[in-house]
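What follows is a single structure, written as structure tokens, with notes after it.
The values are calculated or read from the model by the stated rules, or taken from the named source; none is laboratory data. Not measured: the values here are computed from a predicted model. Here the Cβ positions follow ideal geometry from the backbone for every residue, glycine too, while neighbour counts run over all protein chains shown.
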């Protein structure tokens, strides 16, 4: 039987940001419910061991995130999720205690492309704190992503990239100078 390395599941198409580089969906905004999620897991079980919570929405916004991670574990899946990182503090305990969670990709370029109530510096501090805590308390892989380094072909902002890279280097005592 054909196997796939991963299957993407859009657990919500709702996002709390409106990035200038992200294509907007014209579909009705909604979040998946646990019964539909379990049905999908059972359908894809023969085809993969890895699922990704990613696509048009922010997966940390789904009110059933904890249930989805528990169902994924019960069905034998490993979960990777991609987030803009702005809600990590709110769902930290759910994420750090999830047996199924393998990797979190945090798109740091998202925040700068939006107007926010929180300062960028507070956002970055909270993301880096989460990454350190995840490294200390779990086996979760955290991937910090900047897709706007050269800005070629993208409409994303990148004025803070130098600061972001310096802050990561200092926070994790790296020396790339």
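Just to be sure, is residue 148 buried (at least 20 other Cβ atoms within 10 Å of the Cβ), modelled with pLDDT under 90 and outside any strand (DSSP E or B)? Considered against the rule, which asks whether it is buried (at least 20 other Cβ atoms within 10 Å of the Cβ), modelled with pLDDT under 90 and outside any strand (DSSP E or B), residue 148 comes out as yes. Among the candidates 105, 99, the residue that is surrounded by fewer than 22 Cβ atoms within 10 Å (Cβ to Cβ) and under 13 Å from residue 54 (Cβ atoms) is uniquely 105. Evaluation of residue 86 against the conditions (1) in contact with a helix residue (DSSP H, G or I) (Cβ under 8 Å, 6 or more places away or on another chain); (2) modelled with pLDDT of 95 or more shows that the sole unmet condition is (2). Checking each residue in the range 95-131 for being at pLDDT 90 or above, in a helix (DSSP H, G or I) and under 16 Å from the mean Cα position of the chain (by Cα) picks out 95, 96, 124, 126, 127, 128, 129, 130, 131.
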